[in-house]
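Every read-out reported here was derived from the displayed coordinates using simple, explicitly stated rules and does not represent laboratory data. Keep in mind that what you see is a predicted model, and the values were worked out from it rather than measured. Heads up, the Cβs are rebuilt from the backbone with ideal geometry, glycines too, and the neighbour counts pull from every protein chain shown.
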Amino acid sequence: MKSLQKSVRNRQNDGTAIDFLRLLTSGLSARDPVRIPKRELLQHICEWRKCDRKQAEVILEEWESGLRKTILVGDWAVIYNIFTENLVVENLPSDGQIARAIELRSSNVRFSLRDTLEALSPHEFEDLLAELLSRVPWAKNVKVTKRSRDGGIDFVGSYVHEDADEIPLYGQAKHWQTKLDSPSVQGFIGSLATHSKGKPIMGLIYCTSGFSADAESEIKNSPIMIIAYDKDKLIDLMLRYEVGVVRARVESVSLDGRFWDEIKE
């Protein structure tokens with residue numbers, strides 16, 4: 001606050017509230033919001049205008065209505081709280097800092113999703129997959145099966161080809177801490193064959209920890225087409241179709257310093 005007092009004291013000005021606030025904020029360095037009581041504010045006005053306290057009170061009264069709404073002065077947001085009689089000054093991050101913060105949060109969301117997925121129970125996970133598949137364009141009418149007698153099938157629906165033809169979709173979700181092995185995939189293929197009855201169907205299998213090499217070979221060589229997802233591929237889908245996440249779009253308009261520098265040349 002000493003630097004603030006020095007800044008105000010060293011200059012005399014008959015200008016506007018904005019002129020005063022520019023001078024006032026030029027002496028601030030704190031990143032936390034600064035609250036200047038009315039008593040101190042009047043003292044600063046006295047030093048700025050070289051006037052007595054009564055004149056400073058008249059000046060502040062003239063400014064008060066305008067200061068009740070937040071004013072941006074450089075990188076500082078300024079507002080006068082009439083209830084506490086404090087001038088609140090808060091430093092705002094620059095556009096570059098905001099963009100960097102958004103970038104960091106966005107890059108970290110994958111890690112947050114991994115932790116959230118791993119904390120789900122098997123039943124909660126099946127519900128998540130059903131919700132996700134209701135958002136993708138290539139699946140329709142996906143529902144979780146009755147868990148007491150699903151016959152190795154956790155959810156059913158329709159798979160939509162690019163030509164808009166639909167075939168039955170059968171899925172299995174393994175929320176495991178270990179990779180899915182070959183026998184498990186063979187069992188799923190057997191369940192698909194039972195439901196297929198010789199007609200075209202699509203299988204979808206998910207395992208949180210991925211698939212062993214033998215399991216991947218079984219999926220590749222299956223007589224019934226199977227789509228396989230692990231945790232990372234699932235997160236890709238969640239981000240693409242905004243399931244379990246909220247996309248924030250921030251727009252900002254500020255002066256183009258390079259443009260004005262060129263104009264002034």
Review point. Efficiency by 1/(1 + (r/R0)^6): what FRET value for Asp232 and Ile263, r their Cβ-Cβ distance, R0 = 51 Å, to the nearest 0.05?
Key: 0.55
Practice item. Rounded, prolate or oblate: pick one for the range 105-240, where a ≥ b ≥ c are the square roots of the eigenvalues of its C-alpha gyration tensor, a/c under 1.5 means rounded, and failing that, prolate if a/b is larger than b/c, else oblate. Key: prolate
Exercise for review: Pull up the DSSP beta bridges for the chain and report the antiparallel fraction as a percent, rounded to 5.
Suggested key: 70 percent
Review point. Can you work out ³J(HN,Hα) from phi for every residue in the range 230-243, in order, using Karplus 6.51 cos²θ - 1.76 cosθ + 1.60 and θ = phi - 60°, giving whole Hz and x for Gly and Pro?
Key: 10, 4, 5, 5, 5, 4, 4, 5, 4, 5, 5, 9, 6, 9
Review point. Toward the positive end of the charge dipole of the chain, about the Cα centre and with charges on Cβ (Lys, Arg +1; Asp, Glu -1), which of Ile224, Leu234, Ala193 goes farthest?
Key: Leu234
Check your understanding: Under 5 Å between amide H atoms, partner at least 5 residues away or on a different chain: which partners does Phe211 have, H built in plane at 1.01 Å?
Key -> Leu180
Review point. Antiparallel DSSP bridges in the range 105-215: what percent, to the nearest 5?
Key: 60 percent
Practice item. Could you please state, rounded to a whole Å, how far the C-alpha centre of the range 57-114 is from the C-alpha centre of the range 196-265? Key: 36 Å
Practice item. Kindly state, to the nearest 0.05, the FRET efficiency for Trp176 paired with Glu90, given R0 = 35 Å and r defined as their beta-carbon distance. Key: 0.10
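How big is the charge dipole of the range 105-240 about its Cα centre, in debye rounded to the nearest 20, if each Lys and Arg gets +1 on its Cβ and each Asp and Glu gets -1 on its Cβ?
The calculated dipole for the range 105-240 is roughly 200 debye.
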Practice item. Report the FRET efficiency, 1/(1 + (r/R0)^6), for Arg240 and Ser121, where r is their Cβ-Cβ distance and R0 is 35 Å, rounded to 0.05. Key: 0.90
Check your understanding: What ranking do 33-45, 112-124 get when scored by the average of other Cβ atoms within 10 Å per residue, highest first?
Key -> 33-45, 112-124
